[in-house]
Amino acid sequence: MQKLTSELQRLYLLPGQEADGQAIELVTANGLTRTLVIDFHKAAEEQHWARLCDVANALQTELGLPAPAVSVSGGDCYRLWLSLAQPITQAQAKQFLALLHKAYFEDEPIDFGRSRIDLPPAQNRATGLWAAFVNPSMGGALAEDLGLEMAPPEAAQAAFLEHLHSISEEDYAQALAKLRGKHDAAPAPTQATSPAPSGAERQGLLLRDATLEDIVRHLHAMGIEPTFRHVLKH
């Protein structure tokens, strides 16, 4: 638990906050925030997962931001979690999210006024399923349920977070400038497109298709020992 608490504090919690599996305040009393959360609601033919992948890849390849965390809500959506090294005002956060929304996922509803959220791992009170951080390359496997039936292992949750980084002030400023330029140059709605990553680029990007090695690592992280059976054709 100590490792998970440390990772949550490093990435998402504000000074004085504790990770207790309950809803946390995203905004301080004086209007500052360091965590931006984007929901991708369940859609036909797993389009919510495809859209999340496109946006997450664009954040990295087009805006130069570090990889976000991915979670299932235990309810009706996937979530991307963006961590800021230094808090910004709530107004600045809304502006940044609005520009992201305009550039990459304008057809997806977005909550600009959210100030509280369940911090994974946490049990969704409406469904009984668990909100949890997930392996980005395996998130598509949860596209139907969008939650776990049992509480995820804390060690696995910490492992999904330990290699992630917060967005530095410099990277945030550069991304904001790119988004403003994109908005000024192309005010009409656009949809993110991501080039197929090369082998060197695969690490850190969100992939729609997982390899066998990805599947094995993910199952191990969830405390499951896979068993494979090869059927010979006669």
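The values are calculated or read from the model by the stated rules, or taken from the named source; none is laboratory data. Predicted model only: the values in this text are computed from it and were never measured. With ideal geometry, Cβ positions are generated from the backbone for all residues, glycine too; neighbour counts draw on all protein chains shown.
Yes or no, residue by residue, for (1) of a type in the set (D, E, K, R); (2) under 21 Å from residue 180 (Cα atoms); (3) buried (at least 22 other Cβ atoms within 10 Å of the Cβ):
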| site | (1), (2), (3) |
| --- | --- |
| 14 | no, no, no |
| 41 | no, no, no |
| 48 | no, no, no |
| 51 | yes, no, no |
| 54 | yes, yes, no |
| 63 | no, yes, no |
| 72 | no, no, yes |
- Query: Pairs under 7 Å by beta carbon, first residue assigned to a helix (DSSP H, G or I) and surrounded by 11 or more Cβ atoms within 10 Å (Cβ to Cβ) in the range 173-186, partner of a type outside the set (S, T, N, Q) and modelled with pLDDT under 85, six or more apart or different chains?
  - Reply: none
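Taking residue 103 as the residue in question, decide whether it is under 27 Å from residue 185 (Cα atoms), more than 10 Å from the chain's Cα centre (by Cα) and not in a loop (DSSP other than H, G, I, E, B). Steps first, please.
Details: under 27 Å from residue 185 (Cα atoms): yes; more than 10 Å from the chain's Cα centre (by Cα): yes; not in a loop (DSSP other than H, G, I, E, B): yes.
Here the answer is yes, as residue 103 does meet what is asked.
Where residues in the range 75-86 are more than 14 Å from the chain's Cα centre (by Cα) and at pLDDT 95 or above, which of them is surrounded by the fewest Cβ atoms within 10 Å (Cβ to Cβ)? Give the steps one after another, and end with the answer.
Of all residues in the range 75-86, those more than 14 Å from the chain's Cα centre (by Cα) come to 75-76, 85-86.
From what is left, the residues that are at pLDDT 95 or above are 85-86.
On the way: 85: 15, 86: 11.
Ranking the candidates gives 86 first.
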- Per the list (1) part of a helix (DSSP H, G or I); (2) under 18 Å from the mean Cα position of the chain (by Cα); (3) under 22 Å from residue 158 (Cα atoms), residue check on residue 24 breaks on (1)
- Among the residues of the range 67-83, is there at least one that is of a type in the set (A, V, I, L, M, F, W, C), touching a residue at least 40 places away in the same chain (Cβ under 8 Å) and over 24 Å from residue 121 (Cβ atoms)? no
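Name the single residue, out of those in the range 116-167 being assigned to a loop (DSSP other than H, G, I, E, B) and modelled with pLDDT under 90, that is surrounded by the most Cβ atoms within 10 Å (Cβ to Cβ).
Pass one, the range 116-167, residues assigned to a loop (DSSP other than H, G, I, E, B): 119-121, 124-129, 134-135, 143-147, 149-153, 162-166.
Now drop any that are not modelled with pLDDT under 90, which leaves 143-145.
Values: 143: 18, 144: 9, 145: 13.
Selected residue: 143.
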